[in-house]
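Taking it in order: structure first as structure tokens, then the write-up.
No value in this document is a laboratory result; all are computed from the given coordinates. Every value quoted in this text rests on a predicted model; they were computed, and no experiment measured them.
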Amino acid sequence: MELLKKIEEEGERKLRKILAETEEEAKRQLSQADQEIQAARAEQLKQAQAEIESEKRLVTSRARAQAREVVLRAKGLAAERLFADLTQEAASFRNDKRVYKAFLARCLKESEGQIEGGLLLEIAPHDEDIVKEVIKETQHKIGRKIKTIGGFVATNKKGDLLIDNRLETRIANLRQEHRAELSSDLFG
């Protein structure tokens, strides 16, 4: 009996030892699995944060590009309005006969400086009387009628030299000459 008791005790001791080792191994494996899960979560979180940052940069970049486009469009519209207003003002200064006559005389003098001899002036029909006054003591002639808000196109008698002194052309030339300045002045 005593042998049987010893065998039982030995069996129980081995069983407890096996159970303790198994429990210890299970705890170790659970701890390792928990660490792996934590590492996987941290990596997923890191990847998600990187994706969020990348998406934020992309959205920010797109927003900036759109904002630049809106600003450029606004600048363009402001410049267009400015020159439309300038063109309208220039057309309305024709109503002041003295000022308009002085403008035409100055344009005629510029044209005479660039083309020798008599000039042929293409004018708007509504400017015929005032142009006749400006050229009355010259050898210049009125040519065909053109559509313009004011001013004239001067050519030599052969028609191979041309000076465009129409108001709209002079304003367009000013616009080209001062585009950079205008942009800087209007928009800093």
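If you build a Gaussian network model of the chain, linking Cα atoms that sit under 10 Å apart, which residue out of Glu12, Glu128, Glu53 swings the most?
Highest fluctuation among the options: Glu12.
So what is the 222 nm mean residue ellipticity for the chain from helices alone, if each DSSP H run of at least 4 adds -39500 (n - 2.57) and you divide by all residues, rounding to the nearest 500 deg cm²/dmol?
-26000 deg cm²/dmol
What does DSSP give for the chain in terms of the percent of beta bridges that are antiparallel, rounded to the nearest 5?
75
Tell me which label goes with the value of volume of the Cα convex hull per residue in Å³ computed from the coordinates here: [x] 194; [y] 170; [z] 146.
Recomputing volume of the Cα convex hull per residue in Å³ here gives the entry labelled [x].
Pairing the Cα long axis of helix 167-177 with the longest principal axis of the chain, what angle in degrees results, from 0 to 90 and rounded to the nearest 10?
The angle comes out at about 40 degrees.
Would you work out the relative contact order for segment 96-187, in percent, from Cα pairs under 8 angstrom that are 6 or more residues apart?
In percent, rounded to a whole number, it is 26.
Report, in listed order, any pair from Lys75/Lys101; Lys97/Lys158; Lys101/Lys158; Lys5/Lys27; Lys136/Lys158 with a Cα-Cα distance greater than 23 Å. Numbers along the way, then the final one.
Working: Lys75/Lys101 35 Å; Lys97/Lys158 31 Å; Lys101/Lys158 27 Å; Lys5/Lys27 32 Å; Lys136/Lys158 21 Å.
Too far apart for the 23 Å limit: Lys75/Lys101; Lys97/Lys158; Lys101/Lys158; Lys5/Lys27.
Find the Cα radius of gyration of segment 1-68, compare it with 2.2 N^0.38 Å by division, and give the number to two decimals.
Values: Rg = 28.8 Å, N = 68, 2.2 N^0.38 = 10.9 Å.
Compared with the compact-globule rule of thumb, segment 1-68 sits at 2.64.
Please work out the Kirkwood hydrodynamic radius for segment 89-188, using every pair of different C-alpha atoms, and report it in angstroms with one decimal place.
14.3
Using a 10 angstrom cutoff on alpha carbons, build the Gaussian network for the chain and name the most mobile of Arg57, Arg94, Arg170.
Looking only at Arg57, Arg94, Arg170, the biggest GNM fluctuation is shown by Arg57.
What are the ³J(HN,Hα) values, in whole Hz, obtained from phi via the Karplus relation 6.51 cos²θ - 1.76 cosθ + 1.60 with θ = phi - 60°, for each residue of segment 143-160 in sequence order, with x given for Gly and Pro?
In residue order, the calculated couplings are x, 6, 8, 10, 8, 7, 7, x, x, 7, 10, 9, 10, 7, 4, 6, x, 8 Hz.
For helix 97-114, what angle does its Cα long axis make with the longest principal axis of the chain, in degrees from 0 to 90 and rounded to 10?
Tilt of helix 97-114: around 90 degrees.
Between helix 2-92 and the chain, what is the angle of the helix's C-alpha long axis to the longest principal axis, kept within 0 to 90° and rounded to the nearest 10?
10
For the chain, set up a Gaussian network in which alpha carbons nearer than 10 Å are linked by springs, and say which option among Leu45, Leu121, Leu30 fluctuates the most.
Leu30
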